[in-house]
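The values are calculated or read from the model by the stated rules, or taken from the named source; none is laboratory data. What you see is a predicted model, and the numbers here were worked out from it, not measured in a lab. As a convention, Cβ positions derive from the backbone with ideal geometry for all residues, glycine included, and neighbour counts pool all protein chains shown. We work out accessible area using only protein heavy atoms, side chains counted, and drop any ligands, DNA or RNA first. Shrake-Rupley method; radii C 1.70, N 1.55, O 1.52, S 1.80 Å.
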Amino acid sequence: MARSCDDKEDRLVAMRLRIVRRSKGLSQRELARRAGVGSGTISQIESMALKPSVSVLKRILDGVPMDLATFFSFELSQDQARVFRRSEHVDIGAPGIKYLLLGAQRSGRNIQMLHEYYEPGASSGRHALSHAGEECGLVISGTLEVTIGDEVHVLNAGDGYYFSSALPHRFRNTGTSVCEVVSACTPPSF
């Protein structure tokens, strides 16, 4: 069961859930569907009208997928830190993908920057993502297939991309080694 929110921990759960959901390109409705919870549940948690029980939060995170330890392991900060060490980058990825978010703790970010690692065959998901803004990235190593609308491009080390995020897009490692990418998106989608 859930109860009304009323403290700092509730605000942090709401902020974390919003960051995680957006990082996966999921609407509130889609995450609720995947998690098997009511369609308004995610909205109520993110607006702090409702505090989920541990079992409800676990069920919601299973729809991402993400475990509770990972969900609670990063801290959100109100200070405006300027430097973020590698150990402070928050992994918001999924199995086969590591998305290290730079500055996740910083409130009011206008840019989202990720250091991404795709295992061979891993992708950003079966469904194309689409959201407001622009994004760009640079392949550091490996091979990345980038689908933007109806176009499919295969990028190698040194190649990059830049497009309107409103276009449906998807990323996939078609190579035989880990693909490393550094990307940025504005405004942040998580």
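Would you kindly derive the ³J(HN,Hα) couplings of segment 172-188 from the backbone phi angles with the Karplus curve 6.51 cos²θ - 1.76 cosθ + 1.60 (θ = phi - 60°), listing them in order in whole Hz, with x for Gly and Pro?
Working through the residues one at a time gives 8, 8, 9, x, 9, 10, 4, 9, 10, 9, 10, 10, 9, 8, 9, x, x Hz.
Ordered by residue, what ³J(HN,Hα) values in Hz, to whole numbers, does segment 151-161 give under the Karplus form 6.51 cos²θ - 1.76 cosθ + 1.60, where θ = phi - 60° and Gly and Pro are x?
Whole-Hz 3J(HN,Hα) from phi for segment 151-161: 8, 10, 10, 10, 10, 10, 3, x, 7, x, 9.
Pairs of Cα atoms under 8 Å, at least six residues apart: use those to get the relative contact order of the chain, whole percent.
Dividing the mean separation by the residue count of the chain yields 20 percent.
Please list log₁₀ I(q)/I(0) at q = 0.09, 0.11, 0.16, 0.17 Å⁻¹ for the chain, using the Debye equation with identical point scatterers on the alpha-carbon positions.
The Debye formula, applied to the Cα set alone, gives -0.33, -0.50, -1.03, -1.15.
Would you work out which of Val20, Met66, Ser39 lies farthest towards the positive end of the dipole of the chain? Charges go on Cβ: Lys and Arg +1, Asp and Glu -1.
Ser39
Count charges around Thr186 for me, please; just the other residues with Cβ under 12 Å from its Cβ, Lys/Arg as +1, Asp/Glu as -1. Can you show the working numbers first?
Working: positive: Arg109; negative: Glu134, Glu135.
Net charge in that neighbourhood comes out at -1.
Once you charge only the Cβ atoms, +1 for Lys and Arg and -1 for Asp and Glu, what is the size of the charge dipole of the chain about its Cα centre, to the nearest 20 debye? Before the final figure, lay out each step's value.
Details: 23 positive and 21 negative charges, 119 e Å.
Computed charge dipole of the chain: roughly 560 debye.
Sequence gap at least 6, Cα distance under 8 Å: using those rules, report the relative contact order of segment 94-171 to the nearest whole percent.
Numbers: 126 pairs, mean separation 23.0, N = 78.
Result for segment 94-171 is 29 percent.
Carbon and sulfur atoms: what percent of the 1.4 Å accessible area of segment 24-149 do they account for?
Its accessible area is 52 percent carbon and sulfur atoms.
Kindly provide the helix-only [θ] at 222 nm of the chain, computed as the sum of -39,500 (n - 2.57) over DSSP H runs of four or more divided by all residues, to the nearest 500 deg cm²/dmol?
After summing the helix terms and dividing by the residues of the chain, the value is -6500 deg cm²/dmol.
Which distance in nm do the two modelled labels at Glu151 and Thr176 give, with both placed 7 Å along the Cα-to-Cβ direction?
So the label points at Glu151 and Thr176 sit 3.0 nm apart.
State the extension gain, in nm to one decimal, for the chain segment bounded by Asp159 and Phe72, taking 0.36 nm per residue of separation less the distance between their alpha-carbons. Before the final figure, lay out the partial values.
Values: separation 87, 0.36 × 87 = 31.32 nm, distance 3.52 nm.
Separation in residues times 0.36 nm, less the Cα-Cα distance, equals 27.8 nm.
Using a 1.4 angstrom probe and counting only protein chains, how large is the accessible area of Lys58 in Å², to 10?
Spelled out: Lys58, probe radius 1.4 Å, area about 100 Å².
In Å², what does the accessible area per residue of the chain work out to with a 1.4 Å probe?
52 Å²
At 1.4 Å probe size, with no ligands or nucleic acids counted, give the accessible surface of Cys136 in Å², nearest ten.
50 Å²
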